[in-house]
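Notes follow once the structure below has been shown.
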There are 2 protein chains.
Amino acid sequence: MQFRTLGYFCVMYERKIPLNLNCGLDLIGEVLYGKWKIRLLWFINEGVLRPSELQRKIPDASRRVLNIQLKELEQHELVSKIIYPQMPPKVEYSLTDFGKTLIPIISALGNWGDENEDRLRKAILKQPLSDNDE
Amino acid sequence: MQFRTLGYFCVMYERKIPLNLNCGLDLIGEVLYGKWKIRLLWFINEGVLRPSELQRKIPDASRRVLNIQLKELEQHELVSKIIYPQMPPKVEYSLTDFGKTLIPIISALGNWGDENEDRLRKAILKQPLSDNDE
DNA sequence: TTGCATACGGATAAATTTTTCCCCTATTGT
DNA sequence: ACAATAGGGGAAAAATTTATCCGTATGCAA
């Protein structure tokens, strides 16, 4: 994310450390990094399409960041946004065909996490390495 | 990463925002987040085992962070570390059996990125969304 | 007319991660 | 004696990401 659009203006945050875009892993990292992006893609795939619904599904994320990350997903062509010209406003996101190709991968990530849930939970929550457990 | 071990002491950085460890995606995210971790796993899988070799393979990362992220990977049981008691010191990392189960997933990530390289590169580098390209 | 819902975004603060700079041990080679 | 290699880590700064607080607007209901 080099720049970030907020409305018609560009927030003047410009990267100081250049992006690495050398290999496929760099590229996918660039579009999937972001605390909530994978979850957003997942829920949109499941039919949770409207911003307010997504916010209710992901209550730990602030409204603001979800908007920003949705916009980045849109910019990266993984989701598309439809604005219905009506009042009260209605917006719906959906996966692009390109975005849909990510679903099997996200699914694999989630499955690996689920299959190893206990082990991961222990490893993540345990106290840091000390002399005893090395 | 709730805490971080540095030697015998614990750096007093304690998370203020609690971890989400609700689903598999949260869990895998917790062990794979970190700018260089996937690359570390990948290179170790390819036989680049020693810290100095890894540093040469990933010159954009500082020596320091690689050490820290390797230690976290070790704590999460994805890699194991062998210290050869000799001078000059020699250390080798290797994937644990658990860590090896991640390789197909990392491979899938990298392939997706490679397959869509041009499109991704354009999407990442293009100017932010303006009125014209929505 | 206050309250709630929908949606969006600016400005700024806080949190978190990564980098930078300096330090350490010990061995080998010049 | 000095530099280069191997392996580390502490402290603090810088970079980046996320959160908080405030505001805009419309329409509907009590």
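For A:L125, the conditions (1) of a type in the set (A, V, I, L, M, F, W, C); (2) within 26 Å of B:K122 (Cα to Cα); (3) surrounded by fewer than 14 Cβ atoms within 10 Å (Cβ to Cβ) are fulfilled apart from (2). Restricting B:Q69, B:Q86 to residues that are on the phi < 0 side of the Ramachandran plot, within 12 Å of DNA strand C (Cβ to nearest atom) and buried (at least 19 other Cβ atoms within 10 Å of the Cβ) narrows the list to B:Q69.
For residues in the range B:86-103 being more than 14 Å from chain A (Cβ to nearest Cβ) and over 13 Å from the mean Cα position of the chain (by Cα), which is nearest to B:E30 (Cα to Cα)? Filtering first and then ranking leaves B:S94. When restricted to residues that are free of Cβ contacts under 8 Å to residues at least 24 places away in the same chain and farther than 19 Å from A:S107 by Cβ, the range A:19-32 contains 7.
Selection of the range B:76-104 for residues being in contact (Cβ under 8 Å) with a residue 60 or more places away in the chain and outside any loop (DSSP other than H, G, I, E, B) yields only B:I103. In the range A:89-110, of all residues being over 12 Å from A:L49 (Cα atoms) and among the polar types (S, T, N, Q), the one that is nearest to DNA strand C (Cβ to nearest atom) corresponds to A:T96.
Exactly one residue among B:L27, B:L70, B:L78 is in contact with a Pro (Cβ under 9 Å, 6 or more places away or on another chain) and modelled with pLDDT of 95 or more, and that residue is B:L70. The selection criterion, being within 14 Å of DNA strand C (Cβ to nearest atom) and modelled with pLDDT of 95 or more, holds for A:F43. Residue-level check: of (1) modelled with pLDDT under 95; (2) buried (at least 18 other Cβ atoms within 10 Å of the Cβ), B:D60 misses just (2). Taken over the range A:42-75, the criterion of being under 23 Å from B:I28 (Cα atoms), out of contact with any strand residue (DSSP E or B) (no Cβ under 7 Å at 6 or more places or on another chain) and within 13 Å of chain B (Cβ to nearest Cβ) is satisfied by A:W42, A:F43, A:E46, A:K57, A:I58, A:P59, A:D60, A:A61, A:S62, A:V65, A:E72.
The values are calculated or read from the model by the stated rules, or taken from the named source; none is laboratory data. In this text, all values refer to a predicted model and were calculated from it rather than measured experimentally. Here the Cβ is made from the backbone with ideal geometry for all residues, glycine too, and neighbour counts use every protein chain on show.
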